[in-house]
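As structure tokens, the structure follows; a few thoughts come after it.
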Number of protein chains: 4
Amino acid sequence: MKSEFKFHDVLRVRFADTDLQGIVFNGNYLTYYDNAWTEYFRAMGLTYGFLLESGVDTVLARTSIEFKSVARFDDLLEVYARISSMGRTSLIFDFEIYPKDEDRLISKAISVYVCVDPKTLGKIEVPEWLRGQISEFEEREFRN
Amino acid sequence: MKSEFKFHDVLRVRFADTDLQGIVFNGNYLTYYDNAWTEYFRAMGLTYGFLLESGVDTVLARTSIEFKSVARFDDLLEVYARISSMGRTSLIFDFEIYPKDEDRLISKAISVYVCVDPKTLGKIEVPEWLRGQISEFEEREFRN
Amino acid sequence: MKSEFKFHDVLRVRFADTDLQGIVFNGNYLTYYDNAWTEYFRAMGLTYGFLLESGVDTVLARTSIEFKSVARFDDLLEVYARISSMGRTSLIFDFEIYPKDEDRLISKAISVYVCVDPKTLGKIEVPEWLRGQISEFEEREFRN
Amino acid sequence: MKSEFKFHDVLRVRFADTDLQGIVFNGNYLTYYDNAWTEYFRAMGLTYGFLLESGVDTVLARTSIEFKSVARFDDLLEVYARISSMGRTSLIFDFEIYPKDEDRLISKAISVYVCVDPKTLGKIEVPEWLRGQISEFEEREFRN
């Protein structure tokens, strides 16, 4: 439900995102969710470049995606994103996609990102300062 | 586990499949699984073109993907695929990806495909003849 | 040169657009140019959907692309587009890409698009009304 | 003309390579040409990994592509590749794509690759040993 989210990004479906069925190819939803990750952190003042310099990157460990209705070329989509929980080393994102200004759910996903060292891609703990900024942005506490 | 599968396809990672982390971008695994879908049906004598002419296409309804280790440019990958169950209108695929001739699991997925009419993309039942051919290929019975 | 263009679009480089060299994969520039095609026509009031309904689509027949400097993830790019000449059945686009608010040329291209019937993809003449609207938008006459 | 080439690679069009026109999206031809680059060097015993370790990578500086006929999902394509000339720092590739066992030209391209240092992406000269191996493979001399 849109109301659960404090953040959403807007993107337009590219021609190259479609396939011969005339709809967005399913793999491209992971690109849309990935974009929303970036814009979510930008919205709290953390660019990807800044995160890397601070010694934090993430890799996707698990995702569950539902495809509820189709998106087509040139559609404007709203991609909602929020961090719904955190582990010691992981950030769990909830995502939902709707057509702009409509309530028809196109796709939703739950994705587990693991924090890694940008140089080695080895697992690291969620830094305290990041945990703090996310809590502030989401206006709630998170437990491990 | 590889031994659960009667089928696998081999593919080589394209340069364009990688991202700035130097590994295969997560969205491209859905492309790999999609390819395995095609090759799985080809292995039982059903090309995509034949399926369409027979009035059957599928759309991906849900997928859960785990990313266990990385794949890199130029890697040869084995993508294992099998239909593990069927609903009235759906085919459930299990997928696993390994480096060629290695036992290191790279990614696994469970994907629910819904059968649709190729022209309208509206939901249809799994045709009896297809149900039969899959049972024969997998050497087992399926219940709805 | 930017001053030759009446139109430009702004886009942000997606993570999935990059490759293991850490830069935008060359094939994705064709996606960027394709997007600029769409936005160029939208800027003159012609959405892709409207063009299709009016019986006009295009396919890319030829393109020459130069890659002058690199673009990276999260860069904001300005993609300049104009129709520089027209044939009986073709529209010739000039494109240039710069980082937002910079004069460093990243890539330029000349692309020949042939007008086709959206249903058959068979070649058709550039419709007179389209020729007129482009002339008006570009504030100049075009000869065949 | 196929007879001009000593090398070709075979690839199958992926579902994700198509677009809503039902044909291979134009940007994906650069992926196909890029793959042929890799396989061309592999055919002379030089994997991409070996090239990097030897201090040589390339970036695409310029390409001219013609799109002559369409390719569709599941088509088997033959991608012909040869180095047709060399500069001090550049390798010029000719590419042609045909459906497997057919003479209908789908696309052709001339692409200028500049040799670069894999670490800095700064321009370097074509190493003498590489120049020699290419001459041997193409069974001809090259002048700068």
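The values are calculated or read from the model by the stated rules, or taken from the named source; none is laboratory data. Computed from a predicted structure; not experimentally measured. Cβ placement follows ideal geometry from the backbone for every residue including glycine, while neighbour counts extend to all protein chains displayed.
Inspect all residues belonging to the range D:41-64 and state whether any of them is within 13 Å of the chain's Cα centre (by Cα), in contact (Cβ under 8 Å) with a residue 12 or more places away in the chain and assigned to a helix (DSSP H, G or I).
yes
Specify the residue that is modelled with the lowest pLDDT; the eligible residues are those in the range D:124-144 that are exposed (fewer than 15 other Cβ atoms within 10 Å of the Cβ) and more than 16 Å from D:LEU51 (Cβ to Cβ).
Checking each candidate, the answer is D:ASN144.
Please go through the range B:63-85 and pick out each residue that is surrounded by fewer than 18 Cβ atoms within 10 Å (Cβ to Cβ) and either farther than 15 Å from B:TYR98 by Cα or of a type in the set (S, T, N, Q) (or both).
B:SER64, B:SER69, B:SER84, B:SER85 - these are the residues of the range B:63-85 that are surrounded by fewer than 18 Cβ atoms within 10 Å (Cβ to Cβ) and either farther than 15 Å from B:TYR98 by Cα or of a type in the set (S, T, N, Q) (or both).
In the range B:66-80, is there at least one residue being more than 14 Å from chain A (Cβ to nearest Cβ), modelled with pLDDT of 95 or more and more than 21 Å from B:PHE5 (Cβ to Cβ)?
Yes, the range B:66-80 contains a residue that is more than 14 Å from chain A (Cβ to nearest Cβ), modelled with pLDDT of 95 or more and more than 21 Å from B:PHE5 (Cβ to Cβ).
Does C:ASP57 fit the bill of being at pLDDT 95 or above, buried (at least 18 other Cβ atoms within 10 Å of the Cβ) and of a type in the set (Asp, Glu)?
For C:ASP57, the condition - at pLDDT 95 or above, buried (at least 18 other Cβ atoms within 10 Å of the Cβ) and of a type in the set (Asp, Glu) - is met.
Taking the residues in the range B:36-54 that are at the interface with another protein chain (Cβ under 7 Å from one of its Cβ atoms) and hydroxyl-bearing (Ser, Thr, Tyr) as candidates, determine which candidate is surrounded by the most Cβ atoms within 10 Å (Cβ to Cβ).
Among residues in the range B:36-54 that are at the interface with another protein chain (Cβ under 7 Å from one of its Cβ atoms) and hydroxyl-bearing (Ser, Thr, Tyr), the one surrounded by the most Cβ atoms within 10 Å (Cβ to Cβ) is B:THR38.
Pick from the range D:1-35 the residues that are part of a loop (DSSP other than H, G, I, E, B) and within 10 Å of chain C (Cβ to nearest Cβ): which of them is surrounded by the fewest Cβ atoms within 10 Å (Cβ to Cβ)?
D:GLY22
Take B:ILE92 and tell me if it is away from every other protein chain (no Cβ under 12 Å), crowded, with 22+ Cβ neighbours inside 10 Å and free of Cβ contacts under 8 Å to residues at least 60 places away in the same chain.
Here the answer is no, as B:ILE92 does not meet what is asked.
Has the range C:116-132 got any residue that is touching a Lys or Arg at 6+ places or on another chain (Cβ under 7 Å), part of a strand (DSSP E or B) and not small (Gly, Ala, Ser)?
Yes, some residue in the range C:116-132 is touching a Lys or Arg at 6+ places or on another chain (Cβ under 7 Å), part of a strand (DSSP E or B) and not small (Gly, Ala, Ser).
Can you name the number of the only condition in (1) under 18 Å from A:VAL10 (Cβ atoms); (2) free of Cβ contacts under 8 Å to residues at least 24 places away in the same chain that A:ALA81 fails?
Looking at each condition in turn, A:ALA81 falls short on (2).
Only one of these is part of a loop (DSSP other than H, G, I, E, B), within 30 Å of A:PHE15 (Cβ to Cβ) and not aliphatic (A, V, I, L, M): A:ASP101, A:ASP94. Name it.
Going through A:ASP101, A:ASP94 in turn, the sole match is A:ASP101.
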